[in-house]
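These notes concern the structure reproduced below.
The values are calculated or read from the model by the stated rules, or taken from the named source; none is laboratory data. None of the values given here were measured: they were computed from a predicted structure. Cβ: placed from backbone, ideal geometry, glycine included. Neighbour counts: every protein chain shown. Only protein heavy atoms, including side chains, enter the accessible area calculation; ligands, DNA and RNA are left aside. Shrake-Rupley method; radii C 1.70, N 1.55, O 1.52, S 1.80 Å.
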Amino acid sequence: MDWKLELVFVPVSDVDVAKDFYVNKVGFNADYDERPTDGIRFVQLTPPGSACSICIGEGLNDAPPGTAPSLQMVVSDIQKARDHLKANGVDVSDVDIQDWGHFVYFSDPDGNKWAVQYLPGRPNG
């Protein structure tokens, strides 16, 4: 039996600001944005090529904004990823080259922390 991680909750203070950041600055796909009941708004966003999405919204969780665990994506070209983020106005770090991978770091408007990793020698990052 496969167990697949497909959705991670990211607590934010303003859903529209966060959705704009993730879609228009980072480049996630906006998959779903609905209010299934009063007091609940569910927004699902997916990084291009990923099998795992994030969800943001209202009435979904009691976690304070900015308290998501450190999140990480893997890319095949760290410089291209950094250039994309920088060009879209994201405050992104310089490339951090470690023996186990190359990284850039950024945070969303609420302070949820992200790492983007490139793994040399691994096909497609």
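Yes or no, residue by residue, for (1) in contact with a strand residue (DSSP E or B) (Cβ under 7 Å, 6 or more places away or on another chain); (2) closer than 16 Å to TYR22 by Cβ; (3) of a type outside the set (Lys, Arg):
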residue	(1), (2), (3)
GLN79	no, no, yes
ASN88	no, yes, yes
ASP91	yes, yes, yes
ASP96	yes, no, yes
GLY101	yes, no, yes
PRO109	no, yes, yes
ARG122	no, no, no
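Can you say whether PHE21 is of a type in the set (Phe, Trp, Tyr), touching a residue at least 40 places away in the same chain (Cβ under 8 Å) and surrounded by 14 or more Cβ atoms within 10 Å (Cβ to Cβ), as far as the supplied structure shows? It would help to see each step written out before you state the result.
Values: of a type in the set (Phe, Trp, Tyr): yes; touching a residue at least 40 places away in the same chain (Cβ under 8 Å): yes; surrounded by 14 or more Cβ atoms within 10 Å (Cβ to Cβ): yes.
Yes, satisfied.
Just give me the residues in the range 24-47 being open to solvent by 30 Å² or more (accessible area, probe 1.4 Å) and in contact (Cβ under 8 Å) with a residue 24 or more places away in the chain, in sequence order. Walk me through how you get there before you give the answer.
If we filter the range 24-47 for residues that are open to solvent by 30 Å² or more (accessible area, probe 1.4 Å), which is where we start, we get 24-25, 29-40, 42, 44.
Listed by number, the residues that qualify are ASN24, LYS25, GLN44.
Can you work out which of the residues in the range 48-105 that are part of a loop (DSSP other than H, G, I, E, B) and aliphatic (A, V, I, L, M) is most open to solvent (accessible area, probe 1.4 Å)? Steps first, answer last, please.
From the range 48-105, those part of a loop (DSSP other than H, G, I, E, B) are 48-52, 59-70, 76-77, 88-95, 99-100; that's our starting set.
Restricting the remaining residues to those that are aliphatic (A, V, I, L, M) gives 51, 60, 63, 68, 90, 92, 95.
On the way: ALA51: 87, LEU60: 62, ALA63: 37, ALA68: 16, VAL90: 5, VAL92: 10, VAL95: 44 Å².
Selected residue: ALA51.
Residues being farther than 22 Å from PHE9 by Cα and in a strand (DSSP E or B): count how many of those fall in the range 106-125.
1
I'd like the full set of residues that are hydroxyl-bearing (Ser, Thr, Tyr) and over 10 Å from the mean Cα position of the chain (by Cα), limited to the range 52-69.
THR67
From GLU34, GLU6, which residue is under 19 Å from TRP114 (Cα atoms), of a type in the set (Asp, Glu) and touching a strand residue (DSSP E or B) at 6+ places or on another chain (Cβ under 9 Å)? Even if it seems obvious, please write down each step before you answer.
Working: GLU34 fails: under 19 Å from TRP114 (Cα atoms).
Unique residue meeting the criteria: GLU6.
Conditions: (1) out of contact with any helix residue (DSSP H, G or I) (no Cβ under 9 Å at 6 or more places or on another chain); (2) surrounded by 20 or more Cβ atoms within 10 Å (Cβ to Cβ). LEU119 meets all but one. Number of the miss?
LEU119 satisfies all of (1) out of contact with any helix residue (DSSP H, G or I) (no Cβ under 9 Å at 6 or more places or on another chain); (2) surrounded by 20 or more Cβ atoms within 10 Å (Cβ to Cβ) except (2).
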